[in-house]
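What follows is a set of notes on a single structure, which appears directly below.
The values are calculated or read from the model by the stated rules, or taken from the named source; none is laboratory data. All figures in this text were calculated on a predicted structure; none of them were measured in a lab. Cβ atoms come from the backbone with ideal geometry, glycine included; neighbour counts cover every protein chain shown.
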Number of protein chains: 2
Amino acid sequence: MEKPFSLAVKAVILDAAGGCLLIRRSAANLHFVGMWEWPGGKVDSGEDFATAVVRETREETSLEVEITGLVGATHFEMPKVNVILLCMETRIVGGEIKLSEEHDQFMWVPLSELTRWPLPEQVAPFMLEYAKRSISAGHT
Amino acid sequence: MEKPFSLAVKAVILDAAGGCLLIRRSAANLHFVGMWEWPGGKVDSGEDFATAVVRETREETSLEVEITGLVGATHFEMPKVNVILLCMETRIVGGEIKLSEEHDQFMWVPLSELTRWPLPEQVAPFMLEYAKRSISAGHT
């Protein structure tokens, strides 16, 4: 029997200049303190994945976003669960950035500079692969 | 306002020899009749994606499967909805193949021969990319 598979989501919030929003994990977290990430989290039981993208972004940044496309999916193991992380491209439709206690800084980072930031190791290769693909496609 | 995003799932059922199960869409379908595909379908409202993988596979093939890993995600547009298709690797844990009326044939196809089969155009590049990656990784 495999560990159960659980769905989490991330929102890549893009700005007009080809940057994405990174937020830094605060000391309120048990893991990956100081690492920079895209907003997101677990899909609640019974919740639609698209609703979760919007809700998690709102909870973590106070921004209202709308999904515009797919970034892709990646997989990593946690002690008790296999996490499938589904990442969506989004754009801001309202709100101003106000972080929750889970994060203590935010930064708009050009995708071409993502390599310079400390990213959580479980998702860093996936994030950098997306950045590379976007740059090749001329989106930035 | 974008079209809403909706989640669908597919099960890549792998056999010991590195083949995957393809099933052919019957004339009972409105679209893509005669095309070969992996089992799967829409995630129901309130349903967990992993439950949907197992349920759709059971409904379409009578096989009981267990998820073992991630294939990846792809995106295509339908007239009223943006479909995010999340594909999972699975293995058989019970049952024998019996198709529903939605499909009229099945075949175990080595990933290296996937190019020879008529695949639905919306997902064919994604399926072939997975096959290529798996072959490069020496899984077949």
- Message: Of the conditions (1) surrounded by 14 or more Cβ atoms within 10 Å (Cβ to Cβ); (2) touching a helix residue (DSSP H, G or I) at 6+ places or on another chain (Cβ under 8 Å); (3) at pLDDT below 95, A:Glu102 satisfies every one except a single condition; which number is it?
- Response: (3)
- Query: Looking at region A:3-51, which of the residues that are more than 16 Å from A:Leu86 (Cβ to Cβ) and among the basic types (Lys, Arg) is farthest from the chain's Cα centre (by Cα)?
  - Reply: A:Lys3
- Task: State whether one or more residues within region B:112-130 are of a type in the set (Val, Ile, Thr), surrounded by 15 or more Cβ atoms within 10 Å (Cβ to Cβ), in a strand (DSSP E or B) and in contact with a strand residue (DSSP E or B) (Cβ under 9 Å, 6 or more places away or on another chain).
- Result: no
- Sole residue being buried (at least 16 other Cβ atoms within 10 Å of the Cβ), in contact with a Ser or Thr (Cβ under 6 Å, 6 or more places away or on another chain) and among the hydrophobic types (A, V, I, L, M, F, W, C), chosen from A:Val53, A:Val65, A:Val71: A:Val65
- Query: Is there a residue in region A:37-60 that is farther than 21 Å from A:Ser134 by Cβ, in contact with a Lys or Arg (Cβ under 8 Å, 6 or more places away or on another chain) and of a type in the set (Val, Ile, Thr)?
  - Reply: no
- Residue in region B:9-32 that is among the polar types (S, T, N, Q), surrounded by fewer than 21 Cβ atoms within 10 Å (Cβ to Cβ) and more than 14 Å from chain A (Cβ to nearest Cβ) present: yes
- Query: Does A:Ile97 fit the bill of being of a type in the set (Val, Ile, Thr) and buried (at least 20 other Cβ atoms within 10 Å of the Cβ)?
  - Reply: no
- Message: Among the residues of region A:108-116, are any within 14 Å of chain B (Cβ to nearest Cβ) and of a type outside the set (Phe, Trp, Tyr)?
- Response: no
- Message: Checking the structure you have, find out if any residue of region B:41-49 is among the aromatic types (Phe, Trp, Tyr) and within 20 Å of B:Gly95 (Cβ to Cβ).
- Response: no
- Would you check which residues across region B:8-27 are under 19 Å from B:Leu70 (Cα atoms) and modelled with pLDDT of 95 or more and list them? B:Ala8, B:Val9, B:Lys10, B:Ala11, B:Val12, B:Ile13, B:Cys20, B:Leu21, B:Leu22
- Query: Restricting attention to region A:81-90, does a residue exist that is without any contact (Cβ under 8 Å) to a residue 60 or more places away in the chain and surrounded by fewer than 16 Cβ atoms within 10 Å (Cβ to Cβ)?
  - Reply: no
- Here are some conditions: (1) of a type in the set (Phe, Trp, Tyr); (2) touching a Lys or Arg at 6+ places or on another chain (Cβ under 9 Å); (3) in a helix (DSSP H, G or I). B:Phe106 meets all but one. Which one does it not meet? (3)
- Which one is farthest from the other protein chains (Cβ to nearest Cβ), of the residues in region A:41-78 that are modelled with pLDDT of 95 or more, part of a loop (DSSP other than H, G, I, E, B) and closer than 24 Å to A:Asn29 by Cβ? A:Ser62
